[in-house]
Structure formats: C-alpha cells, structure tokens
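My questions will all concern the structure given below.
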C-alpha cells in the first residue's frame with residue numbers, strides 16, 4: 001500500500017516537474033485582427049511614450065505594399081526605418097498621410113500639452129485604446145480565408161471589394177505600365193509535395209520590382225539560390241512577407257499548387 | 001544723385017540676401033530643390049521597365065543614381081528627413097538597376 005502511494009506521489013511530482021519545466025517554444029498564433037501587427041519602439045519609450053502599434057490590415061486595404069515600402073520609404077523589417085517624430089512632423093513616413101488632412105495628424109509638439117488622446121492612437125502598446133476602425137466591422141464583406149487575417153486579400157481586390165492605391169500625389173513617381181515578367185516553376189524538395197508556380201504578376205501588382213529585388217531575392221540566375229522552408233520560416237525570401245503580413249506559411253497549397261506528375 | 005541710387009541698390013540687395021537667409025525654404029531655393037527631385041523622378045520612374053533596358057542604358061541609369069546620391073548628401077539641416085527618405089528610395093532604385101545589369105551580363 002505504502003509502495004503504491006509512494007509511486008503515485010512520485011508520478012505526480014515527476015509529471016508536475018515536467019509540466020512546469022516546459023519553457024514553451026511554440027508561439028501563440030495571432031488572432032485575425034492581430035496578424036501583421038508591428039510594434040515600433042525606436043524612440044517612443046525614450047520619449048516617455050508607449051511604443052507604436054501598427055496594424056497592417058487597416059493600411060493594406062487602402063494602399064499597395066509599394067506605396068509604403070518604396071515611395072514612403074518604410075523598411076521591410078520592424079524598427080529598421082529609424083522613424084523620428086520630427087520626420088512625421090515634416091511630412092515623411094507616417095506624416096506623409098497622417099498630416100491632419102488626409103488622415104489624423106501624427107506627432108505634433110503640443111499634443112502632449114493638450115491631451116495624450118491623439119498620441120495614444122498610435123503609441124498604444126499596453127494601453128486600452130479603442131480603435132476607430134473595428135476589424136470585424138471593417139472587413140465584414142471581404143472574402144474569407146483560413147489563416148492570417150482570415151481574409152483573402154487577393155480575391156478581395158479581384159472582386160473590387162478593396163481598391164488599394166498605388167500612388168500618392170507629391171510622393172509617388174508617375175510610372176509607366178509595368179512589364180510583367182513570366183511566372184516560373186520551383187521544384188518542391190519533399191517528395192510528393194506539389195511544385196510551386198511563382199506568379200510574378202500577382203506579386204508585382206502590389207510590390208513593383210525594387211521591393212523584392214535585390215533586397216529579398218538576390219539570386220540573379222534562376223536555380224542558383226536554394227530556398228528552404230527553414231530559411232522561409234526564419235523570415236528570409238518568401239518569409240519576409242508570408243508569415244508576418246501576407247498569407248502565412250501554414251497555407252501550403254496556396255504556393256504548392258502544381259499537381260505532381 | 002547717382003550715389004544715392006547706388007546705395008539704395010546695395011540696400012535692396014542686402015535686404016534680399018537677409019530675407020533669403022531667414023527663409024531657406026522660400027521660393028528662392030525651390031529651383032535647386034526641384035532640380036534634383038525631377039532628376040530622381042526621371043531616373044527612378046523607370047524601374048518598371050528595368051528588364052527592357054540594354055546594359056548601356058542600365059549603366060547610364062546607375063551613373064545617374066550615383067550622381068544623385070552625391071547631391072543628396074549635400075542636403076542638410078531642415079531637410080534631414082527628406083534626405084533620409086530619398087536616400088532609401090534612391091538606394092532601392094540603384095540596386096535594382098545593378099541587379100538587372102548583372103542579370104543581363106550573365107545572360108550573354
């Protein structure tokens with residue numbers, strides 16, 4: 001009897017020990033409204049402000065990736081842009097649109113003196129700030145997807161439900177019609193996995209050329225760069241966008257589309 | 001009389017210079033600013049067609065980017081934000097042309 005009790009207690013201790021020792025490497029999957037969220041804290045805390053919480057979904061409904069990441073000059077990595085309040089106040093970065101006319105004003109010297117309400121609209125990490133645009137309400141009529149924001153952004157544009165602008169007057173350059181490069185096939189490394197058809201058209205319509213080449217895809221000749229899912233999961237190549245903003249890597253069949261012969 | 005006119009002209013010129021230095025972003029300096037922006041728009045407005053250019057055309061575009069970079073580096077003071085943004089944009093555009101040129105040359 002004593003032996004059984006001893007073993008039972010020991011099992012419980014071992015079980016609890018294992019459970020508590022679990023450091024947990026698995027990341028929590030973001031909720032649809034959180035997907036694509038970026039926290040920017042270059043100088044915020046130094047200025048005694050909460051870090052900025054930027055929601056991609058709200059901005060991508062209205063603008064292509066190129067407008068912000070090429071024409072306005074936001075880097076592709078969070079906090080790599082070195083945004084200062086003075087830049088915004090001079091009409092650059094967030095201040096390009098958030099100038100008090102096109103959208104609510106960003107970073108004014110006397111904001112803090114009046115109230116922090118306007119600052120809090122962006123500098124909101126850890127604060128209970130009610131967003132002006134509710135995710136569920138705003139995206140209600142858009143075609144659904146399984147992962148990421150839960151929205152099929154590509155289809156939403158095809159169906160005319162969103163019309164992201166590729167031009168901001170006074171900022172963007174008037175460009176010629178894009179000469180779209182051919183789609184191409186990439187072999188899957190795992191046997192039985194459908195091959196990938198990379199569509200230049202789908203990507204250039206939102207990104208142009210210089211957003212991806214050469215910063216993300218440096219390989220000159222097709223086949224010279226070896227892509228692995230490990231690299232991609234670590235944020236390189238396709239992972240620069242897919243996994244953080246564009247549909248996530250869980251959605252295998254959106255890239256691995258070609259039937260296996 | 002001539003002396004008065006001479007001193008009046010000097011006075012007017014002096015006032016003009018003083019006003020110019022007090023308002024560096026006034027229309028008097030707009031031409032120089034627009035000058036490099038126009039060149040930027042011409043050079044970087046062609047990225048859509050990068051793959052259509054010959055190696056010589058691409059080399060010429062890269063050289064124009066390098067010259068523009070030098071001009072951007074001369075901007076300072078209140079134009080610091082502008083320089084930061086345009087330097088990033090110019091870098092992307094120049095690197096695309098270099099990338100395309102390398103592609104073209106490897107193609108041969």
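The values are calculated or read from the model by the stated rules, or taken from the named source; none is laboratory data. Just so it is clear, the structure is predicted and the values come from calculations on it, not from any experiment. Neighbour counts are summed over all protein chains in view; Cβ atoms, including those assigned to glycine, are modelled from backbone coordinates with ideal geometry.
For the stretch B:72-108, give me each residue that is more than 8 Å from chain A (Cβ to nearest Cβ), in contact (Cβ under 8 Å) with a residue 24 or more places away in the chain and exposed (fewer than 14 other Cβ atoms within 10 Å of the Cβ).
Hits for the stretch B:72-108 are B:77, B:105.
Search the stretch A:201-259 for residues being on the phi > 0 side of the Ramachandran plot and under 17 Å from the mean Cα position of the chain (by Cα), and hand back the single one that is surrounded by the fewest Cβ atoms within 10 Å (Cβ to Cβ). Walk me through it before giving the result.
Initial filter on the stretch A:201-259 (on the phi > 0 side of the Ramachandran plot): A:208, A:223, A:235, A:237, A:243.
Remaining after also requiring under 17 Å from the mean Cα position of the chain (by Cα): A:235, A:237, A:243.
Numbers: A:235: 15, A:237: 20, A:243: 18.
Per the criteria, the residue is A:235.
Something else about it: List every residue pair whose Cβ atoms lie under 6 Å apart, where the two residues are 6 or more positions apart in sequence or sit on different chains, the first residue falls within the stretch A:205-220 and is within 20 Å of residue A:164 (Cβ to Cβ), and the second residue, located anywhere, is assigned to a loop (DSSP other than H, G, I, E, B) and modelled with pLDDT of 95 or more.
Pairs found: A:206/A:64.
Same structure, new question: Could you pull out the residue among B:64, B:71, B:83, B:89 that is farther than 30 Å from residue A:89 by Cα and under 15 Å from the mean Cα position of the chain (by Cα)? Show your work before the answer.
Working: B:71 fails: farther than 30 Å from residue A:89 by Cα; B:83 fails: farther than 30 Å from residue A:89 by Cα; B:89 fails: farther than 30 Å from residue A:89 by Cα.
On inspection, the qualifying residue turns out to be B:64.
Of all residues in the stretch A:75-88, which are crowded, with 17+ Cβ neighbours inside 10 Å and either more than 9 Å from chain B (Cβ to nearest Cβ) or over 16 Å from residue B:87 (Cβ atoms) (or both)?
Result: A:76, A:83, A:85, A:88.
Would you check if there is a residue in the stretch A:142-150 being within 30 Å of residue B:44 (Cβ to Cβ), touching a residue at least 40 places away in the same chain (Cβ under 8 Å) and out of contact with any helix residue (DSSP H, G or I) (no Cβ under 7 Å at 6 or more places or on another chain)? Even if it seems obvious, please write down each step before you answer.
First, pick out the residues of the stretch A:142-150 that are within 30 Å of residue B:44 (Cβ to Cβ): none.
Checked the stretch A:142-150: no residue is within 30 Å of residue B:44 (Cβ to Cβ), touching a residue at least 40 places away in the same chain (Cβ under 8 Å) and out of contact with any helix residue (DSSP H, G or I) (no Cβ under 7 Å at 6 or more places or on another chain).
Quick one: how many residues across the stretch A:172-197 are more than 10 Å from chain B (Cβ to nearest Cβ) and surrounded by 18 or more Cβ atoms within 10 Å (Cβ to Cβ)? Lay out the reasoning, then the answer.
The first filter runs over the stretch A:172-197 and keeps only residues more than 10 Å from chain B (Cβ to nearest Cβ), leaving A:182-197.
Going one step further and asking which of them are surrounded by 18 or more Cβ atoms within 10 Å (Cβ to Cβ), we end up with A:196.
Going through the stretch A:172-197 one residue at a time, the tally reaches 1.
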